[in-house]
Amino acid sequence: MEILDAMARHGFEEVVAIHDGDSGLRAFLAVHDTSAGPAFGGIRSWTYQREDEALRDCLRLARAMTAKCVLAGLRAGGGKLVLLDRPELDRERAYRHIGRVVERMGGRFYTGPDVGTGPRELSWVAAQSRFVTHPGPQGPGQLAESTCAGVVEGIAAALRHLDGTERWEQRTVVVQGLGEVGSRVAQVLVSRGVRVLASEIDPERAERVTSELGLERLDPARELGPVCDVFIPCALGGILHDLSVVRLHCRVVAGAANNVLASPAHGRRLFERGILYVPDFLINAGALIRGARFHLDGVREDVGSIGARIGEAVEQVLALAAEQGAPPVEVAMREAEARLALRRARRGD
Ligand code: NAD
């Protein structure tokens, strides 16, 4: 990959390659945009086959974070740190080293959780840097709760968009993944009288959560098939591709997982099938809003207000998409790009 060309094409400010011989750390840190405030992005730890795969992922994720920040109206931009996991890595030393790198950036980049980086890893980073979402009581807290609130209010907005009302007690949904966010979303929807079918690949967790919350357990191999109002992806990204899009029998797809679409073209495929896809980067910004408000303004924004904010943003994008007769994901991307261009013009870029 021609790195400087790729940066110029997509408007990156800075990309840092990080190596530490003591811990075996190899990582990339990308700062996409700081035109309105610092860049925010979690640490993804993943076993990449090749170095350029990790770099590509880092750039793609950092850009998506900018879109998320811009659409959520935050005075912040996108960044990302991607760590190349491998057996010889000394994880604690590696994360402490990352903490020192982040601290040296002096607040231009704030980091936090992502795939492969949980409370334990964040506490190692936090031992070296102020610019990280602390997992303890001194941090923003309630991250999954904030994401859940955004997902529920985003679904409500989608249902109102289609039918003029939520009519919860007449709805059937499928929740894919009963982890931190999925189990909370399922719980809220059950309390509103929704019929909730749920799939989870961890059998122990599936058994425990479905019986605790009174959900109907679904075989993960058949999770896309049921006729339902809303399919709620709360597991991994990339699940909607050529083979899976045709298997869906829902009216709406709206959930927490990042990068649900294997490619932007699949947003158009859903649109052509008459399925309303609520863009992931719009509906799953709850934890980011909670974290960014905490770091930037020193407040723990109320979870209800975060949900309401996301519901409103979803409503606006769906209305605009209907007006333009275009897939909401394309409209949201164009909107994010236009707002970013405005921000950069104001700064004089
Ligand atoms: P989690 O790891 O707690 O839960 C994910 C669950 O999905 C796990 O229990 C896993 O076993 C299950 N799963 C994986 N593949 C599955 C499949 N094919 N079918 C059924 N179950 C499957 O993660 P989380 O924190 O709940 O986040 C869920 C998704 O939302 C992730 O993609 C995450 O990146 C995204 N997200 C989370 C937050 C947050 O605040 N936690 C914020 C933004 C985005």
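The values are calculated or read from the model by the stated rules, or taken from the named source; none is laboratory data. The structure presented is a predicted model; accordingly, all values stated were derived computationally and were not measured. Here Cβ is always computed from backbone atoms with ideal geometry, including for glycine, and neighbour counts include all displayed protein chains. Protein only, heavy atoms only, side chains kept; ligands, DNA and RNA dropped before computing areas. Shrake-Rupley method; radii C 1.70, N 1.55, O 1.52, S 1.80 Å.
Length available on full extension from Arg120 to Glu14: 0.36 nm per residue minus the Cα-Cα distance, which gives 35.4 nm. Contact order for the chain, expressed relative to its length and based on alpha carbon pairs under 8 Å spaced 6+ residues apart, stands at 16 percent. Springs between alpha-carbon pairs under 10 angstrom, Gaussian network model over the chain: which of Pro279, Pro38, Pro220 fluctuates most? Result: Pro220 has the largest fluctuation of those listed. Size descriptors for the chain: radius of gyration and Dmax over Cα atoms are 19.8, 59 Å. Counting only protein heavy atoms and a probe of 1.4 Å, the accessible surface of the chain is 50% carbon and sulfur. Each residue of region 14-20 was assigned a 3J(HN,Hα) from its phi angle through the Karplus curve 6.51 cos²θ - 1.76 cosθ + 1.60 (θ = phi - 60°); the sequence is 7, 10, 10, 9, 10, 9, 9 Hz, with glycine and proline shown as x.
For the chain, modelled as a GNM whose springs connect Cα atoms under 10 angstrom apart, the maximal fluctuation among Leu81, Leu197, Leu236 occurs at Leu236. Oblate is the label for region 196-349, because a/c, from the alpha-carbon gyration tensor with a ≥ b ≥ c as root eigenvalues, is 1.5 or above and a/b does not exceed b/c. Annotation: amide H-H contacts under 5 Å for Tyr48 (H modelled 1.01 Å from N, sequence separation of 5 or more, or interchain): Asp85. Scanning residues 5 or more positions from Gly78 or on other chains, those with amide H under 5 Å from its amide H are His32, Asp33, Phe40, Thr66, with H placed 1.01 Å from N in the peptide plane. The angle between the Cα long axis of helix 51-71 and the longest principal axis of the Cα atoms of the chain comes to about 60 degrees, rounded to the nearest 10. For the chain, the 222 nm mean residue ellipticity estimated from helices alone, with every DSSP H stretch of n ≥ 4 adding -39500 (n - 2.57) and the total spread over all residues, rounds to -15000 deg cm²/dmol. Please sort by residue number the GluC sites (Glu not before Pro) in region 1-79 whose DSSP state is loop and whose Cβ has at most 13 other Cβ atoms within 10 Å. Filter output for region 1-79: Glu2. Comparing Ile201, Ile310, Ile155 in a Gaussian network model of the chain where C-alpha atoms under 10 Å apart are linked, the largest mean-square fluctuation is found at Ile201. When peptides 15-24, 137-146 are sorted by average Cβ neighbour count within 10 Å, with the highest value leading, the order is 137-146, 15-24. Met1 sits with roughly 90 Å² accessible to a 1.4 Å probe, with DNA, RNA and ligands left out of the calculation. The calculated FRET efficiency for the pair Arg344 and Glu88, based on their C-beta separation and a Förster distance of 41 Å, comes to about 0.50.
Here the Karplus relation 6.51 cos²θ - 1.76 cosθ + 1.60, evaluated at θ = phi - 60°, turns the backbone of region 24-36 into coupling constants of x, 6, 10, 7, 10, 10, 10, 10, 7, 8, 10, 5, 10 Hz, with x for every Gly and Pro. Listed values for region 156-161 are Karplus-derived 3J(HN,Hα) couplings in whole Hz (6.51 cos²θ - 1.76 cosθ + 1.60, θ = phi - 60°), namely 4, 5, 5, 5, 5, 4, and x replaces Gly and Pro. Placing one equal scatterer on every Cα of region 9-149 and applying the Debye formula, the log10 ratio I(q)/I(0) at q = 0.12, 0.13, 0.15 Å⁻¹ is -0.43, -0.51, -0.69. Accessible surface ranking for His134, His249, 1.4 angstrom probe, highest first: His249, His134.
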